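The values are calculated or read from the model by the stated rules, or taken from the named source; none is laboratory data. Everything quoted here is computed from the prediction, not taken from an experiment. Note: ideal-geometry Cβ built from the backbone for every residue, glycine included; neighbour counts use all protein chains shown.
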Amino acid sequence: MLKLLFLQVGLSQDDRSDTILVSSQKIGSFKKDEEILKLLVSQAANPRERQRLNRLQCEHAGAWVCAVPSTFDGNDTVMRPRNFQV
């Protein structure tokens, strides 16, 4: 597919030294995200910020996004449905 796109615009893959052939958009996006994170970590202002950025790569770092609301810590910790209305 990528080769077809290069041919449609009149380029060969050899003409583009800035491109890297990857097997899918998902893999390419993941690699780009890794590069951005490495850059952010290297430019972190202090060790605390560097550690915070490194924790983004932990296995369950985004688990809170799909957590079920719980009243274990009290009823005031769960938002009411009306808070989600626009």
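Numbers below:
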read-out: Residue, modelled with the lowest pLDDT, within region 16-30, restricted to residues that are surrounded by fewer than 10 Cβ atoms within 10 Å (Cβ to Cβ) and of a type in the set (S, T, N, Q); value: Ser17
read-out: Qualifying residue in region 52-60 (condition: assigned to a loop (DSSP other than H, G, I, E, B), surrounded by 10 or more Cβ atoms within 10 Å (Cβ to Cβ), at pLDDT 85 or above and in contact with a helix residue (DSSP H, G or I) (Cβ under 8 Å, 6 or more places away or on another chain)); value: no
read-out: Any pair with Cβ under 6 angstrom, 6 or more apart, that starts in region 31-42 at a residue that is surrounded by 11 or more Cβ atoms within 10 Å (Cβ to Cβ) and ends at one that is in a helix (DSSP H, G or I) and of a type outside the set (Ser, Thr, Tyr); value: Leu40/Leu53; Val41/Arg50; Val41/Leu53
